[in-house]
Amino acid sequence: MRIVLVGPPGAGKGTQAAFLAKNLSIPHISTGDLFRANISQGTELGKQAKAYMDAGNLVPDEVTIGMAKDRMSQPDAVGGFLLDGFPRNVGQAEALDEMLKGEGVQLDAVLDLEVPEDEVVKRIAGRRVCRNNSAHVFHVTYSPAKAEGVCDECGGELYQRDDDSEETVRKRLEVYHTQTEPIIDYYRSQGLVVTISALGKVTDVTARAMEALQVDKAAQA
Ligand code: AP5
Ligand code: MG
């Protein structure tokens, strides 16, 4: 399956993607995680991305689209993928459509995670991620690591993301509403959008998502 996950910052895209990718046997591709890996490795791409991310702005399309296409072209993504954080504006959605068209394949669904803004703020305020891999995500109250400050998955140090300050989160939410939400209408016109509530326990949200994706798949069959 080829799935796009969309939702505001802190909605739980990364958290859900980890489980959904495993259930569906497809790779989880997060452009945010790819940028953070580049930043921690000190690459040129990471240097270009950091200032935009710290300000809560989108990294320019010229940088982002190439990086995302490159990742989607890796052998593990040939049969499908779960995109988290890409596309993030209509230009990126059009570039993705063009790429998939060139390969003779198409998206199966766009899973839209709905969460009220006050909950998003609570989720981001308590989020801790692993320095080795920002896809390892915890929350000080909702899903604490077994040992404080230590990643359950790999033993890495847990830290608060640089863009999780209150001011940057406000900016990221504004960018989400103005630049990313329009892709929901873009995909709705293609009949691809499935909206679910992302409130409740992580496992309940995953079950809801799996059900919604299967319903969508059946509807297309
Ligand atoms: P990115 O890393 O994609 O950040 P984001 O979209 O703002 O989303 P987050 O990662 O903050 O939240 P999430 O929805 O993954 O939530 P999570 O699962 O962690 O992008 C960062 C930056 O990179 C962008 O601002 C931009 O600069 C740049 N960028 C990335 N992609 C780009 C693109 N395509 N174009 C241009 N620029 C791009 O969950 C949050 C917390 O809640 C966690 O602590 C978790 O444990 C907790 N939680 C999750 N689910 C639940 C639940 N059900 N109940 C209770 N707690 C929960
Ligand atoms: Mg994320």
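Quick rundown of the values:
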{"read-out": "Label point distance in nm, ASP118-GLU103, each placed 7 Å from Cα along Cα→Cβ", "value": "4.2 nm"}
{"read-out": "For the chain, accessible area per residue (1.4 Å probe, heavy atoms of protein chains only), Å²", "value": "50 Å²"}
{"read-out": "Per-residue SASA entry for GLU62, accessible area with 1.4 Å probe, Å² rounded to 10", "value": "150 Å²"}
{"read-out": "The chain - percent of accessible surface contributed by carbon and sulfur, probe 1.4 Å", "value": "50 percent"}
{"read-out": "Cut-off 14 Å between beta-carbons: net charge of the residues surrounding THR64, Lys and Arg +1, Asp and Glu -1", "value": "-1"}
{"read-out": "ALA125 versus ASP152: modelled label distance in nm, points set 7 Å from Cα along the beta carbon direction", "value": "2.3 nm"}
{"read-out": "Across the chain: Cys residues that no other cysteine approaches within a C-beta distance under 4.7 Å", "value": "CYS154"}
{"read-out": "Computed E for LYS69/THR141 - FRET, C-beta separation, R0 22 angstrom, nearest 0.05", "value": "0.05"}
{"read-out": "Between the stretch 134-161 and the stretch 49-73, the alpha-carbon center distance in angstrom", "value": "25 Å"}
{"read-out": "Gaussian network model of the chain, Cα within-10 Å springs - most flexible of LYS101, LYS50, LYS13", "value": "LYS101"}
{"read-out": "Amide H partners (placed H, <5 Å) of PHE81, local residues excluded", "value": "ARG2, ILE3"}
{"read-out": "For the stretch 22-28, Karplus couplings with θ = phi - 60° (6.51, -1.76, 1.60), whole Hz, Gly/Pro x", "value": "5, 4, 9, 6, 10, x, 8"}
{"read-out": "Percent RCO, i.e. relative contact order, over the stretch 105-162, from Cα pairs under 8 Å lying at least 6 residues apart", "value": "29 percent"}
{"read-out": "Overall form of the chain per C-alpha gyration tensor (a/c, 1.5; a/b vs b/c)", "value": "rounded"}
{"read-out": "Solvent-accessible area of HIS136 with every protein chain in place, 1.4 Å probe, in Å² to the nearest 10", "value": "40 Å²"}
{"read-out": "Ellipticity estimate at 222 nm from DSSP helix runs (n ≥ 4, -39,500 (n - 2.57)) divided over the chain, nearest 500", "value": "-15000 deg cm²/dmol"}
{"read-out": "Volume per residue that the Cα convex hull of the stretch 1-101 spans, once the total is divided by residue count, Å³", "value": "102 Å³"}
{"read-out": "Protection proxy ranking of 122-128, 31-37 - average other beta-carbon atoms within 10 Å, highest first", "value": "31-37, 122-128"}
{"read-out": "Cα Rg, Dmax, the stretch 69-187, angstrom units", "value": "17.0, 47"}
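The values are calculated or read from the model by the stated rules, or taken from the named source; none is laboratory data. Quick caveat: nothing in here was measured; it's all calculated off a predicted structure. Glycine also receives a Cβ, built like all others from the backbone with ideal geometry; neighbour counts cover every protein chain displayed. Note: areas computed on protein heavy atoms with side chains; ligands, DNA, RNA excluded. Shrake-Rupley method; radii C 1.70, N 1.55, O 1.52, S 1.80 Å.
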